[in-house]
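Here, each number is a calculation from the coordinates, and none is a lab measurement. Keep in mind the model is a prediction, meaning the values are calculated, not measured. Here the Cβ positions follow ideal geometry from the backbone for every residue, glycine too, while neighbour counts run over all protein chains shown.
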Amino acid sequence: MSSSAALQQDPAKIIACTVSRDVQNFDLLIEDMETELGESWGDLSFADAAAFLAQPEAAELEFIAIAVDDRDEDQMTTIGELVRAAKEAQIHVILITEEVSPMALHQLLRLGADTFVPYPLPEGSLHEAIENLRKPPAAPVAAQTAQGAVPLHRTATGSRVDHEGIVLPIHGLAGGVGASTLAVNLAWELANVGKDSSPKVCLLDFDLQFGSASTYLDLPRREAVYELLSDVASMDDEAFHQALLTYNDKLHVLTAPADMLPLDILAPDDIIALIEAARRQFDFVVIDMPKTLVAWTETVLNQAHVYFGVLELDMRSAQNALRLIRALKSEDLPYEKLRYVLNRAPRFTDLTGKSRVKRMAENLDIEIELQLPEGGKPVVQASDHGMPLSESAAKLPLRKEIQKLAKSLVEHAQINARTA
């Protein structure tokens, strides 16, 4: 009787699936899926998901949540095929990622994944992601243009706005460590990587009080920036583009405003709108961050593909790095996005200095992936004259290291684009 009764019960309709190597490695995801969907979800391995998505029954799914960690990076091609298959079947894709490299994540997002949530899951993050997927899609831009509702915005070169720019914030972990110098020169080097077709690059100076990008590039501070920042909610792509200035017709810059503004004049939603506007129009978005942690620092970190933390070989930088790491971990923020840059690094022959760098990294439990040499007076002179290092001191070792970094970033982006 009991088995007969069970057969008569209608099983819950499956509207979502988790896809992973082993879902038991993501126990918090299991709990959140049960909270959100009850029994209306299932679980698939990568191999099973590939077979299932090819079946007609897959059309009943609302979304799949693909959970990956660093051990899955050798299967990115397979996972990418799952994302592509799901999108072809008009199934939404949420990425749940733990310690996945920014480039791998960017590749999956370019293939069509709708959004990603870091693991361990912040409270309410999966609910928010699901709710965003369920919102009705906006009308296509072309349709809105035909109706006269929204003009078809174009980039500086006249192409349609269809970029998915890579976001690269740069954060100085102490005063005077050279974060703004790195931000300005990295942005310029990115904009000049190729002789024929260089990426489109935008530099956002989010240090609203002491931002120096305009000084380093000899650009005026315009009232239009304040007008934009004071009413981001009504901003469209055209308004954003009009607030930008260009340096030598290659690099677009949103300078800091002419007057000092409180950092909280911008809310997290405003920051998201500014970054998304830049991503739509440019291939790379470099952000010069204030040293102070503010309400929207978390927002920038979540939007970032790689978040550069600049420090020096001294106690203040080490202590501030330790404080930052603790703060991010305590809030379950994706601290693994941080890439540490040591400015004014010891020379190759300075064995004592090299030993200090190694001890610093070990004590902080971090990896210092980039070491920039001392720039000296040429850096000060370039900044005072409002010129990038490539134009005032092209052979300077510091400039060559920043140029190498820019080329590496562009090459990674091109590899991902070809893979996609």
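Reducing segment 161-192 and segment 197-275 to their Cα centroids gives an inter-centroid distance of 13 Å.
Could you pull out the pairs from Lys337/Lys404; Lys13/Lys87; Lys135/Lys337 whose alpha carbons sit more than 24 Å apart here?
On the way: Lys337/Lys404 20 Å; Lys13/Lys87 21 Å; Lys135/Lys337 29 Å.
Long pairs (Cα-Cα over 24 Å): Lys135/Lys337.
Once the convex hull of the alpha carbons of segment 12-134 is built, what does its volume come to per residue, in cubic angstrom?
Given the Cα convex hull of segment 12-134, per-residue volume reads 93 Å³.
Highest GNM mean-square fluctuation among Gln403, Gln319, Gln107, for the chain modelled with Cα contacts below 10 Å: Gln319. Phi-derived couplings, Karplus 6.51 cos²θ - 1.76 cosθ + 1.60 at θ = phi - 60°, listed residue by residue for segment 88-95: 5, 8, 6, 10, 5, 10, 10, 9 Hz, with x used for Gly and Pro. If the chain linking Thr77 and Glu336 were pulled fully straight, counting 0.36 nm for each residue of separation and taking away their Cα-Cα distance, it would gain 91.0 nm. Within the shell of other residues whose beta carbon sits under 12 angstrom from the beta carbon of Gln90, the net charge comes to -3, with Lys and Arg scored +1 and Asp and Glu -1. Backbone phi angles across segment 244-249, fed through the Karplus curve with coefficients 6.51, -1.76 and 1.60 (θ = phi - 60°), yield HN-Hα couplings of 7, 10, 10, 10, 6, 6 Hz in residue order; Gly and Pro are listed as x.
Each part reduced to its alpha carbon centroid, segment 301-355 and segment 65-98 end up 30 Å apart. With the Cα gyration tensor of segment 25-97 giving a ≥ b ≥ c as the square roots of its eigenvalues, does the rule (a/c under 1.5 for rounded; else a/b larger than b/c for prolate; else oblate) give rounded, prolate or oblate? Oblate, because a/c is 1.5 or more while a/b does not exceed b/c. Placing +1 on the Cβ of every Lys and Arg and -1 on the Cβ of every Asp and Glu, with nothing else charged, gives the chain a dipole about its Cα centre of roughly 2140 debye.
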